[in-house]
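The values are calculated or read from the model by the stated rules, or taken from the named source; none is laboratory data. The structure displayed is predicted, hence computed values, not measured ones. Positions of Cβ are backbone-derived with ideal geometry, glycine not excepted, and every protein chain shown enters the neighbour counts. When the accessible area is computed, the model is the full protein with side chains, heavy atoms only, and any ligands, DNA or RNA have been set aside. Shrake-Rupley method; radii C 1.70, N 1.55, O 1.52, S 1.80 Å.
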Amino acid sequence: MKKVLAIVMSIVLVLGIVCAFAACGGNGDNDTTTEGTTNAAATSDLAYIKDKGTMIIGITDYAPMNYKDEADEWTGFDTEFAELVCKELGVKAEFFVLSDWDQKVNELNSKAIDVVWNGMTITDDLKKSMSISDPYVINAQVIVTKAENAEKYVDLESIKDATIAVETGSAGAACVADCANVTEVAAQSDALLEVKSGAADVCVIDITMADAMTGEGTSYETLTKTGSLTEEEYGIGCRLNSDTCTEINKIMDKFMADGTLDALAKKYELTLVK
């Protein structure tokens, strides 16, 4: 009888171990699947943006790309472009003014913003720290000075001894890095103010801003653009290796094909990258 009881107890014990092992194995498979799904979602920047329902867009006040209209609402080529992309993604566009353009990568990485979308020149250095969309607008860095000095300051050689204002961390700043008398300011519009006030002889800014904000009928009608120092292209900055960048490119291709971006470029007098 004792032997029979011992055998029965042994069978029960073995069955219990097998069941427990099977249960643990089953839970392990489920956990792996769940964890895998969670990790996949966690690595998707696009999913993060869609889940919160907003895309926070880092900008500066920079006509014709992003600026305030008479109703104090954001408008401009990049503003409208971003809003159209956000509509395609099913999220709301929220605009965040970058107080220091040079901190744009840090703002991206901290998730204070989701994209940099503000006439950003594509450079090799930026490609190392963010994913950048396909180029969409042609730009150049140009010299802006008072109309009376238009023939004096026309190229890099002629401004090497001048006082020069540039936006910190901008493509314009890179152009004059070897010049002696350079003042860095927070925004390209501030660089224009430096020239208008006489604090600087020239500034180096994007041609898109120079065309929109200088000359007759503008706030800087005594200023004019002269020589061009570089030719470049604008791109949209996303977090490094972000799938948001891939999706923006897909939507951009659609808007290039259907004429949406052509219409915007015509409205704001810009030249698209074709």
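Observations
- In this calculation the C-beta distance from LYS128 to SER219 is compared with R0 = 41 Å, giving a FRET efficiency of 0.65.
- Computed Kirkwood radius, in angstrom, where 1/r is averaged over Cα pairs of the range 63-141: 13.8
- Cross-link pairs LYS196/LYS254; LYS152/LYS274; LYS50/LYS225; LYS52/LYS196; LYS52/LYS104; LYS127/LYS196 - those with Cα-Cα distance over 32 Å: LYS196/LYS254; LYS152/LYS274; LYS50/LYS225; LYS52/LYS196; LYS127/LYS196
- Residues ILE164, ILE207, sorted by accessible area with the largest first, give ILE207, ILE164 [1.4 Å probe; ligands and nucleic acids excluded].
- Heavy-atom accessible area ranking, 1.4 Å probe, most first, across GLU73, GLU94, GLU151: GLU151, GLU73, GLU94
- Sulfur and carbon atoms: percent of accessible area, the range 107-231 [1.4 Å]: 44
- Computed 3J(HN,Hα) for the range 106-112, one whole-Hz value per residue from the Karplus formula 6.51 cos²θ - 1.76 cosθ + 1.60 where θ = phi - 60°, is 4, 5, 5, 5, 7, 6, 5, glycine and proline marked x.
- Exposure ranking of ASP124, ASP190 by accessible area [1.4 Å probe, largest first]: ASP124, ASP190
- Integer Hz, Karplus 6.51/-1.76/1.60 couplings in order for the range 155-166, x for Gly and Pro: 7, 5, 4, 6, 9, 4, 9, 7, 8, 10, 10, 9
- TYR48 - accessible surface, heavy atoms, 1.4 Å probe, Å² rounded to 10: 70
- Near ASN181, once Lys and Arg are set to +1 and Asp and Glu to -1 for all other residues with Cβ below 14 Å from its Cβ, the sum equals -4.
- Compactness of the range 151-264 was expressed as the Cα radius of gyration divided by 2.2 N^0.38 Å, which yields 1.29.
- Once both labels are positioned 7 Å from their Cα atoms along Cα-to-Cβ, the gap between LYS111 and GLU73 label points is 3.0 nm.
- Rounded to 0.05, the FRET efficiency of the SER44 and LEU272 pair, given R0 = 41 Å and the Cβ-Cβ distance, is 0.90.
- Over 12 Å [Cα-Cα, the range 153-206], rounded percent: 55
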